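Engineer: Structure below; questions to follow.
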Amino acid sequence: MERSAAAEKLVEIVRPYVPEPELLTHLDEGSDFLKDLKINSAHMIDVVLDVEEAFDIEISDEAAESLQTVGQAIDLILSQAGASSGH
């Protein structure tokens with residue numbers, strides 16, 4: 001999967017959890033889920049679950065807890081997707 005495709009899919013996943021839709025217009029890989037997109041920590045659990053389902057990957061609790069930015073999420077998705085397709 002290409003990085004841009006993963007990014008587009010990720011934006012669609014987080015969209016329902018962003019309280020102010022205009023925040024998505026400034027989204028980039030440095031965007032912080034909690035600070036910049038104002039997604040609350042409880043909804044981050046939902047985001048992780050949705051990402052796992054959408055990309056057919058498994059994200060460890062440790063990895064989920066360390067997710068802070070959009071770029072980190074894309075890196076994790078691509079590394080997990082690559083690992084799962086290699087089996």
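Rule-based calculations on the coordinates, nothing more; no lab input. Quick caveat, the model's predicted, so the values are computed rather than measured. Positions of Cβ are backbone-derived with ideal geometry, glycine not excepted, and every protein chain shown enters the neighbour counts.
Engineer: If you go through segment 45-66 one residue at a time, how many are assigned to a helix (DSSP H, G or I) and in contact with an Asp or Glu (Cβ under 8 Å, 6 or more places away or on another chain)? Break it down stepwise before answering.
Structural biologist: As a first pass, look at segment 45-66 and keep what is assigned to a helix (DSSP H, G or I): 45-55, 61-66.
From what's left, in contact with an Asp or Glu (Cβ under 8 Å, 6 or more places away or on another chain): 52.
Counting residues in segment 45-66 that are assigned to a helix (DSSP H, G or I) and in contact with an Asp or Glu (Cβ under 8 Å, 6 or more places away or on another chain) gives 1.
Engineer: Right, another one. Keeping to segment 12-43, report how many residues are in contact (Cβ under 8 Å) with a residue 24 or more places away in the chain and either of a type in the set (D, E, K, R) or part of a helix (DSSP H, G or I) (or both).
Structural biologist: So the count comes out to 7.
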